[in-house]
Amino acid sequence: MTPNTTSKKQDFDLRTYKQLFKALSTALYHDQDRKRYHGFTAALVARKVAENTGLVSAANIFYTGLIHDLGGIGLPHHVVHYELADRDQIKHYPPSELRQVVHHGPVGADMLAKYGVFDWATDIIRDHHERHDGTGFPEGKSGKEITSEVDILGAADMLDMYLCSIEGEHTCNKEKRVRGFKDFLTSHGGFSPVVRDEILTIASREEFIGSLLSVQTLEKMIKRSFQQLTPPGDINVDSIVKLLGAVIDVKSNYTEDHSKRVAQMGDELGRKLGMDEDELQEYKYGAYLHDLGKVGVDRQIIDKPAELTDKEYEKIKKHPLYSKEILSEIDKLDEVAKITGHHHEWYDGNGYPRGLNGEDIHLGARIIAVTDAWDAMTSDRPYRKALSKEKAVDELRDQAGSQFDPKVVDAFLEMLEESSSKEGESLERAS
């Protein structure tokens, strides 16, 4: 690879990584049908504190702020909801749900640790609810155990929670806002004096707070921050794609590691069908991200054990379009966007969202249609128990030529037979 080609690839990877990071934050902070900006706001406030105090790296704290509630994904409500809920509300929540709320910092850190390239964020995310005075959770750390990054992110987190708590009331009245935030910090604070003073100063800045409260201005501030700040650590596009896929899967109780399995099965199937390395890479990204649009669908619909209503089904049918729209904003992922947008199209034209047919459907999407259906059929789902492999094979054969590309089904079934033969040979050698 020539130096010029290397430079172009590095520029592409950096740009794509940043755009995927933004998509990840969007996915994390989508609360049912409402887009929340908690991660964006916490990241911007933490960056401002870092720049004003000089205590920590602005880039590090900004990118960590974007995903600090990673461990809260899959909860029925947004993490902010639990922080602001009163005691009467909390009493009615299942203990397992509340345990995840309390431990969402360590849970998120453990998710990141699996990928090996987010070391710069794991400890901060693990401890972001610990407090300098020992009043935090889950371990009650204090004093020197609390790093400046943890202190700053925790304070930024609290400022946005406070703004959420008074939404539509007196957010634009500086005196009331600062006085209210001081009172809020008596029960939600515990920060070091320098960080507490700085977060109170920021709360009094009308122009900055006004920018956070305006979606249009907030989006501009986020865009500017991405342009100005380079992510810490290794710029690894594969790792952020896989993490985003894992986050999508955790949105449902029934789809853990689903995207990973679809990617792995399709990689082997794609080779069988003659895909080259670039096409296989696009397929794998598409497989990890094919359900990205489900961030805009209520989890109660995704996990509904009964038959969906027509209205609910119409919402589900929009998720390929959402996936394509989000990915279309990411440079050089046009083919990946097509794959995600086509994966519920049927070979005979009776699928959705556009009613495409035959080879007008991207080959990567035709592969996902088969591997996605196989994984769904052979896994427990809210509306039924897993089918046997024999019944799942019969379903694929029955739908070949209608829902599925018959060539893809034939190659997939051949792959299953080869896998079974290898397993049989291994058992014979073992015995």
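Observations on the structure shown:
- If you go through the stretch 93-124 and keep only what is under 18 Å from residue 236 (Cα atoms), small (Gly, Ala, Ser) and surrounded by fewer than 20 Cβ atoms within 10 Å (Cβ to Cβ), you end up with 113, 116.
- Residue selected from the stretch 155-185 under the condition free of Cβ contacts under 8 Å to residues at least 24 places away in the same chain and part of a helix (DSSP H, G or I), by the criterion surrounded by the fewest Cβ atoms within 10 Å (Cβ to Cβ): 175
- The combined condition, being touching a Phe, Trp or Tyr at 6+ places or on another chain (Cβ under 8 Å) and either in contact (Cβ under 8 Å) with a residue 40 or more places away in the chain or part of a helix (DSSP H, G or I) (or both), is fulfilled by residue 373.
- Selection of first residues in the stretch 288-308 that are farther than 9 Å from residue 248 by Cα and outside the structural domain of residue 73 (by TED's automatic domain parsing) and of second residues that are in a loop (DSSP other than H, G, I, E, B) and among the aromatic types (Phe, Trp, Tyr), restricted to Cβ pairs under 8 Å at least 6 apart or on distinct chains, gives the following pairs, ordered by first then second residue: 303/254; 304/383; 305/383; 306/383; 307/383.
- Those residues of the stretch 305-328 which are over 24 Å from residue 386 (Cα atoms), assigned to a loop (DSSP other than H, G, I, E, B) and of a type in the set (A, V, I, L, M, F, W, C), in sequence order: none
- Residues that are farther than 19 Å from residue 241 by Cα and without any contact (Cβ under 8 Å) to a residue 12 or more places away in the chain within the stretch 262-276 comprise 271, 274, 276, listed in sequence order.
- Residue among 186, 217 that alone is out of contact with any Lys or Arg (no Cβ under 6 Å at 6 or more places or on another chain), of a type in the set (Val, Ile, Thr) and under 30 Å from residue 327 (Cα atoms): 217
- Some residue of the stretch 283-297 being surrounded by fewer than 18 Cβ atoms within 10 Å (Cβ to Cβ) and of a type outside the set (S, T, N, Q): no
- Test set (1) within 28 Å of residue 214 (Cβ to Cβ); (2) without any contact (Cβ under 8 Å) to a residue 24 or more places away in the chain; (3) of a type outside the set (Asp, Glu); (4) crowded, with 18+ Cβ neighbours inside 10 Å - residue 188 fails condition number: (2)
- Note on the stretch 210-234: among residues that are more than 14 Å from residue 22 (Cα to Cα), in contact with a helix residue (DSSP H, G or I) (Cβ under 9 Å, 6 or more places away or on another chain) and touching a residue at least 12 places away in the same chain (Cβ under 8 Å), the one that is surrounded by the fewest Cβ atoms within 10 Å (Cβ to Cβ) is 210.
- Candidate set from the stretch 377-394 (those that are touching a residue at least 60 places away in the same chain (Cβ under 8 Å) and of a type outside the set (Lys, Arg)); member that is surrounded by the most Cβ atoms within 10 Å (Cβ to Cβ): 379
- Here residue 132 meets the list (1) closer than 26 Å to residue 213 by Cβ; (2) at pLDDT 95 or above; (3) not β-branched (Val, Ile, Thr) almost entirely, failing just condition (1).
- Taken over the stretch 325-340, the criterion of being buried (at least 20 other Cβ atoms within 10 Å of the Cβ) and within 20 Å of residue 301 (Cβ to Cβ) is satisfied by 326, 340.
The values are calculated or read from the model by the stated rules, or taken from the named source; none is laboratory data. In this text the structure is predicted, and so the values were computed from the model without any measurement. Methodologically, a virtual Cβ is constructed for each residue, glycine included, from the backbone with ideal geometry; neighbour enumeration extends over all protein chains shown.
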